[in-house]
1. Provide the FRET efficiency to the nearest 0.05 for the N244-D111 pair, computing r from the beta carbons and using R0 = 30 Å.
2. In Å², and per residue, what accessible area does segment 197-278 have when probed at 1.4 Å with the other protein chains present?
3. Take a quick pass over segment 105-179 and tell me how many lysine pairs come in under 26 angstrom between Cα atoms, counting only ones 8 or more apart or on separate chains.
4. I need the semi-axes of the equivalent ellipsoid of segment 190-276: take the C-alpha gyration tensor, multiply each eigenvalue by 5, square-root it, list largest first in whole angstrom.
5. Output the pairs from K233/K358; K69/K233; K233/K257 with a Cα-Cα distance over 29 Å in this structure; if there are none, say none.
6. State the dimensionless ratio Rg/Rh of segment 53-140 (Rg: radius of gyration of Cα atoms; Rh: Kirkwood radius).
7. Of all the accessible heavy-atom surface of segment 32-161, with the other protein chains kept in place and a 1.4 Å probe, what percent is carbon and sulfur?
8. Of the listed peptides 296-305, 38-47, what is their order by residue-averaged count of other C-beta atoms within 10 Å, with the highest listed first?
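The values are calculated or read from the model by the stated rules, or taken from the named source; none is laboratory data. Computed from a predicted model, the values in this text were never measured in an experiment. Here the Cβ positions follow ideal geometry from the backbone for every residue, glycine too, while neighbour counts run over all protein chains shown. Surface areas here come from the heavy atoms of the whole protein model, side chains and all, with no ligands, DNA or RNA. Shrake-Rupley method; radii C 1.70, N 1.55, O 1.52, S 1.80 Å.
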Amino acid sequence: MKKIFALTVFFILFSHLAFTQPKNDKDDESDENNEKNEITVLFVYTKKVALEIGNGAKTIQEQTDFGIKQLNECLKNSQIGVKAVAIPELVEVDVSNDISDARKELDELTDVNGKYNQVHKIRRQKKADIVCLITTGDKKGVANMYGDMMVCYFNVFNGSYIFPHEFGHNLGADHYPGEGSGASNDYLIEYRGELYRTVSNNGGVSIPYYAEDKTIEYEFRYQDRNDDLKWKKERKTVKLGDKNYNSVPTMRTQAKKTMQFGENLPPVKNNPDAYTARLVNATTEPMLPGANETFRVLDFTYDRLADEYTFTYNASAVYTNSAREFHIYWIDGQQRDKPLLLANEGLNGGYPGVIKWKLHRKIKAGDILQLRCWEVNGELQIQKEIVVK
C-alpha cells in the first residue's frame, strides 16, 4: 500500500516539540486584572469552514481558544503589556466557497461598507478591537500592518504560531528587513538539527517570543531519540533580534492604541447586498446539515503473523483541505516508559478510512502497540492501545 503523507499548509509548521520558557523577573507583575490592558478579538468564520471542520463551531471555538492561549504566551514573554481576550460568541458569515486569495479577502474584510458589512455591525455592537476571519482555500494568514483585521486559514490554529504572527502584524511587527515573507539565516536558531524562529519571523519552528534586540536564556524540551524518546530539557542562549530587527518596542506602543479601537468605532451604514452574518454560541450551535463529523478512531488491530497493523477511522471527518497526523508506538513488553516510534503518517481527504502497513519489527506476544494522534493543543493523545497476542 502506498504510504500516505500529511498535507502541508503554506507557512504552517506544526509545533511537535513542546517548549517551556525561563521565568522572567517581571512574570509576577501581572496586568491581567486591568481591563484597559486587554485587546479583544472577534473571531468570524465562513460557513464553508463550519461544513468542513469536524463538529463545526465547537471545534472552531476549541481551536481559537488555543490560539488565544498561544498568543498570550507570546505577549507575556515579550512584555508587550497587554493580553488578548476573545469575544465569547463567534460570528458565522454566509460564505460557502473557498477563499482563493487571502490578501484580496483581507481588503474586502477591511471595507466597512462592503461584503462584510454585517460583520462590522456586530463588531461595533461587541466593541471588538480586532477581527479575525477564518476561511478555507488560500492556505496562509495575512494581516494589516498597524491595523485591526486579519484573515487566517483555519488550520493555522492546529499547533502553529501563525495566529500570533499575524496578530503581531496588527501591532506593527514586521518580517526580517528586506525579505518580505522570507527569513534570513541571521535570524534563525539551529538546535539539534531543527531551525527555530521568533514568532515575528518565518522559516522554522516558532519559539514564543517576538523579535527584539535582546538575548535570553531559553529552555528547550526535546525527545531524545537515542534514549527511548525520553523528554529532556536544555537551556541555550537565544538571540531574538538586533537593532534592525526589533519589533517589540513598536508593538508596545501600538498595543496602547489598538486596545482603544473597539471603544471608538463609528456608526456602520447598512449594505443590503452584504453577506449575512450572525452571532453563534459554539456550545449550543448544532452542526450544519452535511457537515463533516468529528475525527474518530474506529478500530486498531495487529496481525503478528503478517506483521501488519490495520487502522480504521471515519474518513468523512478528514477533509480535502487538511490532514490528520497519527503515530504508531511500540512498547517492548510492559516497559511503558520506553515507547519507540515506528510510524508517522497522515490521513488525507479522499481516502477510504482504512490504513494497512507492515512494521518490519520483531513484534512479539505481550508487546504493546499504541495509536496516537495530534490534538488541537499540540499534544499526542493515545487513541487506541492493544496488547499483541
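1. 0.30
2. So segment 197-278 comes to 53 Å² accessible per residue, rounded to a whole number.
3. 4
4. Working from the Cα gyration tensor, I get semi-axes of 40, 20, 11 Å.
5. Working: K233/K358 34 Å; K69/K233 22 Å; K233/K257 39 Å.
Where the Cα-Cα span goes over 29 Å, the pairs concerned are K233/K358; K233/K257.
6. Numbers: Rg = 14.3 Å, Rh = 14.7 Å.
Ratio of gyration radius to Kirkwood radius for segment 53-140: 0.97.
7. Percent of accessible area from carbon and sulfur atoms in segment 32-161: 42.
8. Numbers: 296-305: 13.4, 38-47: 22.8.
By packing density, highest mean first, the sequence is 38-47, 296-305.
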